[in-house]
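Take a look at the structure below.
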Amino acid sequence: MSADVARGGDVPITLIGGYLGAGKTTLINKLLSHTALPQGTAVLVNDFGDINIDETLIRSESVDGTVIGLSNGCICCSISDDLSKALDELHRLEVERVIMETSGVAEPARVWQHCHYPGFAPMACVVLVDASNYEARAEDKYVGNLVRAQVAQAHLHIVSKTDLNPNFELHHLTPQLSSQDPDLIETVLGWRHTDEALVTDILLSRQPSFRAHTWHQEGTITRTSLETFLDELDESVQRVKGWVDTFEGIYQVNQVGSRTTMTELPENQPPPALLGLVIITYGNAGSASESTEHAGGFAPDQITMVLSS
Amino acid sequence: MLTLFKARSVITMNPSMPRATAVLVRDGTIVEVGEPEHMQPWLEGQQYAVDEQFANKVICPGFIDPHLHPSMAAVLLPMEFITAMRWKLPWGEVEPVTDAAAFDARMQQLHEHKPADEPLFIWGYHQLWHGDMGKARIQQISEQRPIIVWHRSFHELYMNDAAMNMAAIDPAQIKPNMQIDIERGHFFEVGLGFAINRLNPWILAPEKYAEGLKRLKQVVHHGGHTSIGDLATGMFNLDAEAKALTEQLEGDDVPFRTRLVVHGTRLTQGGRKPEEGPAMAQELLRHNSHRLSFGRHIKLFSDGAFFSQLAQMQEPGYIDGHHGEWLAAPEELERHIRAYWHESYQIHVHVTGDLGLELTLDILQKMQDEKPRFNHGFTFEHFGFSTPEQIRRIKALGAQVSANVYYLHELSDSYAQSGIGYERASQMARIGSCFAAGINTTVHSDFTMAPAEPLNSMWVAVNRINHAGDVMAATEKLSQQQALEAITINAAHAIGMADITGSLRAGKRADFTVLNDDPLTCDPMALRDIGIAATVFEGKVFPIP
C-alpha cells in the first residue's frame with residue numbers, strides 16, 4: 001500500500017466513552033499534553049469548558065471558537081452537539097486521526113455507528129469506568145442500564161479512581177487497564193478493535209498497535225493445557241487476563257509480560273459470570289495471512305484449537 | 001379612545017363572570033367586560049366607537065401555545081407538506097395522504113406546479129402510510145429536478161440524483177456501513193447531518209430562514225394565537241435567533257407576543273458553569289421589547305425524543321427491549337435545576353417518559369427539601385407518559401403540566417402495537433387526572449411536532465380519538481371548559497403571563513380569539529373545525545381571511 005493510497009483512506013476514530021465523572025476529561029487532558037500524541041491528531045470534545053489546555057500549547061483559534069490549533073501539530077475541536085459538522089470540518093483540515101470524547105450519557109455502540117462517516121472509520125472504543133462507584137451506578141434506577149451498556153460495548157476498559165477501591169475488577173472479557181498504568185496513553189493511542197475489517201486496510205495497520213483477542217471458554221480443560229498455552233504465547237502478547245475453568249478448579253489468570261499468576265477461586269465463592277481469556281498483543285499485526293506465516297505466531301483462532309477440550 | 005366590542009357571546013375564563021356580551025377596550029387594555037348597559041359610566045363624556053363586526057361571533061380570550069419552536073418551524077415551513085394527518089396551513093389545508101399511490105400523485109402535482117429551476121423539498125413522509133421510499137421512486141417523478149423527501153420525524157431524508165448533484169454529494173465517498181444508503185438516496189442519523197450540511201444553502205440561508213419566520217407568523221396568527229412560548233430560545237444560536245426573531249416577530253403587524261425561554265444548557269455551553277447561568281439569563285431581560293420578552297424562566301431537558309421512542313421508560317419498558325436516552329446525565333440535570341431553583345427561576349423541564357418524569361420529580365423533591373418554594377411554576381413539558389402516582393407527586397410538589405396532547409392522536413395506535421403496549425399507550429397525556437388533582441395544566445403543539453392549532457389540541461384533549469378512530473382512556477378526556485382553560489388561562493400561567501392575558505377581565509390586555517361557533521357548547525367532534533374569524537391583539541383587529 002503506497003503512502004498516497006494510505007492518505008486517501010479513512011481517518012480512524014478512537015472513541016473515549018464512559019459515564020459522567022469517570023475520568024474522560026482527565027484522560028483527554030493527559031493526551032493533549034502527551035509527547036506520544038502523533039502530529040495530525042484531532043481531539044474532539046463535547047465542550048471546551050472542562051478541557052484544560054496549557055496556554056503555551058495554543059497556537060491558533062478559529063473564528064467561531066470551535067477549533068483550537070496546538071503547537072504539537074494537533075488540534076482540539078468542540079462538537080457542540082453537531083458531530084457531522086465537526087467531522088466535515090476535520091475532513092477539510094485533513095487530520096490523520098481522531099480521538100473523540102462521547103457524551104457521558106451516550107451508548108458507545110451508537111456513536112460507533114456515527115463514526116462510519118464519509119472519510120472516517122471507527123478504530124476502537126475505550127470506556128472509562130469509575131472504580132469508586134461503578135457497582136452502585138450499575139444498579140442505579142436511572143442510569144444502571146446505560147452504564148452497563150457502556151461497559152459491555154467497550155473494546156478496552158480504563159478503570160479510574162482505583163486508589164479509592166483497589167480491589168475493583170470488571171468481570172467482563174474485555175481488556176482492562178488502570179488509569180495509573182504508565183503506558184496508558186500509548187495503549188489508548190494504539191488500540192485497535194480487531195473485529196473491524198475496515199481499519200485493517202488503513203495506514204495504521206502497518207504501525208505497531210495494540211489489539212485484544214478474546215477467547216470465550218465453552219468446555220472444561222486441564223490445568224496443564226492452560227499452562228502450556230500461556231508458556232507458548234508469542235512475544236507480541238503483552239497481557240493475558242481472565243477466568244478459566246479447569247478440571248483442577250477455576251483459576252484467575254493474570255499475565256503481564258513473562259510474569260504469570262494463577263489464583264484458584266475459593267470453593268465458597270460463586271463462579272465468575274464469564275469464563276475465558278483476554279489476550280492483548282502489541283506489534284505489526286498486519287493481515288491474517290501474514291500472521292500465519294510466522295511460525296509460533298499468535299493468531300486468534302489458535303486459542304480455540306489449543307484450549308478446547 | 002374607547003372601543004366597545006359586542007359579540008354573540010364573550011367567554012371570559014374569569015370564573016366570577018364566565019359569560020358576557022361585550023368588552024370595552026381602551027389603548028389595548030380591557031376596562032370592562034360585561035353587558036353594555038353597565039359600561040355607561042366609562043362612556044359618558046368620552047369619545048368611543050362601537051365595533052359590531054363580531055356581533056354574531058364568539059369572543060374568547062386569545063389562544064396561547066405555551067410551547068413551540070419558531071426557529072425549527074422556520075426551517076420546515078418553506079417546504080411542501082405531504083402528510084398522513086391533516087395540517088391546516090394559512091396557504092391551504094393539507095389534506096391527509098394515507099397511501100403510497102396518493103403520495104406519488106401529490107409529489108407529481110407539486111413537481112408540475114413548481115418553477116423548473118427550483119428544488120422541491122417535501123416534508124411528512126412516513127413509511128407506515130406511504131410505503132417504502134427510495135431514490136428510484138423519486139426519480140420517477142423527475143430525474144432533472146432536485147427532490148428531497150423528508151421523513152415526518154425529521155430524522156431521515158431521501159433524495160434523487162439531481163438533489164445529490166446539487167448538494168455536491170459524491171456517491172464514491174459513501175461506504176456500505178455508513179448511515180447513508182446511497183443506492184436508495186437515504187440519509188439518517190449522522191448521515192442526515194452529512195446531508196443537511198450540504199443542503200444548508202437551500203434550507204438555512206438567512207433569506208430562507210426569514211421567509212420561514214414570515215410563514216410562522218402567519219401560522220401562529222391563523223391558529224388563533226395571541227401569545228406563544230418559544231421554549232428553547234438559543235437552540236441553534238442565541239444571537240442569530242434573537243436577531244431574526246426581532247426582525248420578524250416584533251412590530252405593529254405582528255398579532256402576538258412571544259415569551260422567550262432560553263435553552264439552559266446551551267446558554268452556559270463553552271466553559272461557563274451552570275451556576276453562572278441565572279445571571280446570564282437575567283442579562284437577557286435587557287433585550288426585551290414589547291412583543292418579545294424573556295422572563296425569569298429557563299428550559300432544561302431530561303429524556304429523549306418522544307417521536308423516536310427515546311423516552312426513558314420505567315419497567316416494563318419497551319416491548320422490543322430497547323432503552324430510551326437521557327439528554328443529560330441526571331447529575332448534570334440536577335446541577336442545572338439547583339442553580340436556577342435557588343435563584344427563584346421558573347424552571348421548565350422537557351420530560352417524555354415516566355422514568356424521565358420520575359427523575360425530574362426526585363430532583364424537584366430534593367430542591368423542595370433544600371429550599372422550599374411556593375408558586376414556583378416548575379413545569380413538566382411534553383408529559384408523554386406518566387403514572388397516577390406521579391400525578392399526586394406533581395400536585396404535592398406544587399408543579400404544573402404542559403402536555404403535548406397530540407401525541408395521543410398521532411402515536412397512541414402505533415405505540416400500542418410496536419412501542420409499549422395498549423395500556424400505557426392509551427394513557428399517554430394523562431391530563432384528565434391532572435385537572436382532577438387541581439394541577440395547573442395546559443397543552444401545546446411543540447410545533448412542528450403537532451399542528452399549531454389550539455382548537456385541534458382542544459379537540460384531541462376532549463375526544464381522545466387517535467388517528468385509527470379509537471377512543472383512548474376515555475376517563476382522561478377533558479371537558480370543553482377544561483380544554484379551553486388549557487389553551488388560555490392555564491397556558492398564560494405556564495409562561496408567566498397570567499397577569500396580562502389568558503382571560504378577559506378589567507385590566508388585562510385586549511387579546512381575543514374570535515370564533516364563528518361556541519367552543520363550549522358545540523359538538524365536541526366539531527371543535528377543530530370551528531372557523532376563526534379574527535384575532536385581536538391588544539385591541540387591534542387582525543382578520544383571518
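The values are calculated or read from the model by the stated rules, or taken from the named source; none is laboratory data. Not measured: the values here are computed from a predicted model. Backbone-built Cβ (ideal geometry, glycine too); neighbour counts: all protein chains shown.
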Subject >> Residue selected from the range B:27-50 under the condition touching a residue at least 60 places away in the same chain (Cβ under 8 Å) and in a strand (DSSP E or B), by the criterion surrounded by the fewest Cβ atoms within 10 Å (Cβ to Cβ) >> reply: B:THR29
**OP:** Could you pull out the residue among B:ALA172, B:ALA232, B:ALA167 that is buried (at least 23 other Cβ atoms within 10 Å of the Cβ) and within 14 Å of chain A (Cβ to nearest Cβ)?
**Re:** B:ALA232
Original post:
Given the conditions (1) under 24 Å from B:ARG198 (Cβ atoms); (2) facing chain B (nearest Cβ under 10 Å); (3) crowded, with 17+ Cβ neighbours inside 10 Å, and given that A:CYS77 satisfies all but one, which numbered condition is not satisfied?
Top reply: (2)
Original post:
Restricting attention to the range B:417-462, which residues are under 27 Å from B:VAL75 (Cβ atoms) and basic (Lys, Arg)?
Top reply: none
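For (1) touching a residue at least 12 places away in the same chain (Cβ under 8 Å); (2) surrounded by 18 or more Cβ atoms within 10 Å (Cβ to Cβ); (3) in a loop (DSSP other than H, G, I, E, B); (4) in contact with a His (Cβ under 9 Å, 6 or more places away or on another chain), each residue gets a yes or a no:
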site	(1), (2), (3), (4)
B:MET178	yes, yes, yes, yes
B:ALA210	yes, no, no, no
B:LEU213	yes, yes, no, no
B:LEU216	yes, yes, no, no
B:ILE228	yes, yes, no, yes
B:LYS243	no, no, no, no
**OP:** For the range A:168-263, please list each of the strands (runs of 3 or more DSSP E) lying entirely inside it that holds at least 1 residues being at pLDDT 80 or above and touching a Gly at 6+ places or on another chain (Cβ under 7 Å).
**Re:** A:209-216, A:237-246, A:249-256
Subject >> Hits in the range A:80-114 - residues which are among the hydrophobic types (A, V, I, L, M, F, W, C), surrounded by 20 or more Cβ atoms within 10 Å (Cβ to Cβ) and without any contact (Cβ under 8 Å) to a residue 60 or more places away in the chain >> reply: A:LEU83, A:ALA86, A:LEU87
Subject >> helices (runs of 4 or more DSSP H) contained entirely in the range B:70-166, each with at least 3 residues that are at pLDDT below 95 and touching a helix residue (DSSP H, G or I) at 6+ places or on another chain (Cβ under 6 Å) >> reply: B:70-76
**OP:** Considering (1) hydrophobic (A, V, I, L, M, F, W, C); (2) in contact (Cβ under 8 Å) with a residue 12 or more places away in the chain; (3) more than 20 Å from B:ILE487 (Cβ to Cβ), say which one B:ALA396 fails and leave the rest.
**Re:** (2)
Original post:
In the range B:334-362, which residues are facing chain A (nearest Cβ under 10 Å), surrounded by 24 or more Cβ atoms within 10 Å (Cβ to Cβ) and either of a type in the set (D, E, K, R) or touching a Leu at 6+ places or on another chain (Cβ under 6 Å) (or both)?
Top reply: none
**OP:** Can you give me the number of residues within the range B:302-331 that are crowded, with 20+ Cβ neighbours inside 10 Å, in contact (Cβ under 8 Å) with a residue 60 or more places away in the chain and facing another protein chain (nearest Cβ under 9 Å)?
**Re:** 1
Original post:
If B:GLU275 satisfies every condition in (1) at pLDDT 95 or above; (2) within 14 Å of chain A (Cβ to nearest Cβ); (3) surrounded by fewer than 14 Cβ atoms within 10 Å (Cβ to Cβ) but one, which is the exception?
Top reply: (3)
**OP:** For the range B:279-301, enumerate the residues that are crowded, with 18+ Cβ neighbours inside 10 Å and within 30 Å of A:ALA106 (Cα to Cα).
**Re:** B:ALA281, B:HIS297, B:ILE298, B:LYS299, B:LEU300, B:PHE301
**OP:** Filter the range B:145-164 for residues that are within 14 Å of chain A (Cβ to nearest Cβ) and touching a residue at least 24 places away in the same chain (Cβ under 8 Å) and give the result.
**Re:** B:HIS155, B:GLU156, B:LEU157
Original post:
helices (runs of 4 or more DSSP H) wholly in the range A:14-124 with at least 2 residues that are out of contact with any Lys or Arg (no Cβ under 7 Å at 6 or more places or on another chain) and over 30 Å from B:ILE174 (Cα atoms) - which ones?
Top reply: A:24-32
